[in-house]
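Note sheet for the following structure.
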Amino acid sequence: KELQLQRDAQFLCSDPRMDTELVDRLVLQLNRIYPQILIDKEAHKFRNLSIPTKVRLAELLKHLHWKGEEACHEFYRGLHIHAEDVYSSLPTRVRQREMADPKQTKNVAVLPERFVLNDRGPVFFLSCFSFVVGIAMLYYCGGESYRVMEKCTGPFLHCSAARLSKGAKDVFITCAEVGKENK
């Protein structure tokens, strides 16, 4: 862990996510839970706001390296607890993941992230949208406006039911036909 901390120190000192609040939380955890690692006087020194956060963090990392393996391990543990995103993006963690599964990193092509809600495509979306519009038109348009609407939307309502299941299609078309007969 000592060598790991040396390799990660530059990344940690340059990462904007390592802000004053996070550094203070890490110092307080090390001081309160492991006072043998960071005594009160040292914790006060590393929480001094008159010194820039980057400088305090660099000094803390040097101090922990000097304290030994257990201190470095507890720092990583605290970082994992308080800032998992920072912890998982550490250069040594990334390298460990790559070394653990070298086949996966070589075989996986880098593709842009794509969110797929379903695999039915745009026709399914349009039929669902048409169904909702048809129901809304049936619900909100009544009386005389319905007669004007039924001339324009009759074929549209039948097309709306195109990709529905057999039962839903029958109900939808029956509602549309009954509406025509009633008016």
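Considering only residues that are farther than 20 Å from Arg17 by Cα and hydrophobic (A, V, I, L, M, F, W, C), which ones fall in the stretch 27-63?
Of everything in the stretch 27-63, those that are farther than 20 Å from Arg17 by Cα and hydrophobic (A, V, I, L, M, F, W, C) turn out to be Ile33, Ile37, Leu38, Ile39, Ala43.
Has the stretch 136-153 got at least one residue that is among the aliphatic types (A, V, I, L, M), more than 30 Å from Gln6 (Cα to Cα) and modelled with pLDDT of 75 or more?
Looking through the stretch 136-153, at least one residue is among the aliphatic types (A, V, I, L, M), more than 30 Å from Gln6 (Cα to Cα) and modelled with pLDDT of 75 or more.
So Ile37 ticks every box in (1) assigned to a loop (DSSP other than H, G, I, E, B); (2) farther than 22 Å from Gly68 by Cβ; (3) open to solvent by less than 20 Å² (accessible area, probe 1.4 Å) but one. Which box is left unticked?
Failing condition for Ile37: (2).
Can you tell which of Arg97, Arg114 is modelled with pLDDT under 60 and exposed (fewer than 13 other Cβ atoms within 10 Å of the Cβ)?
Arg114
Right, Glu74: under 34 Å from the mean Cα position of the chain (by Cα), of a type in the set (Asp, Glu), in the same structural domain as Leu3 (by the TED database) and open to solvent by 50 Å² or more (accessible area, probe 1.4 Å) or not?
no
Just one of Glu21, Glu69 is touching a residue at least 60 places away in the same chain (Cβ under 8 Å), open to solvent by 80 Å² or more (accessible area, probe 1.4 Å) and not basic (Lys, Arg); which is it?
Glu69
The values are calculated or read from the model by the stated rules, or taken from the named source; none is laboratory data. Keep in mind that this is a model prediction, so the values were computed, not measured. Heads up, the Cβs are rebuilt from the backbone with ideal geometry, glycines too, and the neighbour counts pull from every protein chain shown. The area values use the complete protein model at the heavy-atom level, side chains included, leaving out ligands, DNA and RNA. Shrake-Rupley method; radii C 1.70, N 1.55, O 1.52, S 1.80 Å.
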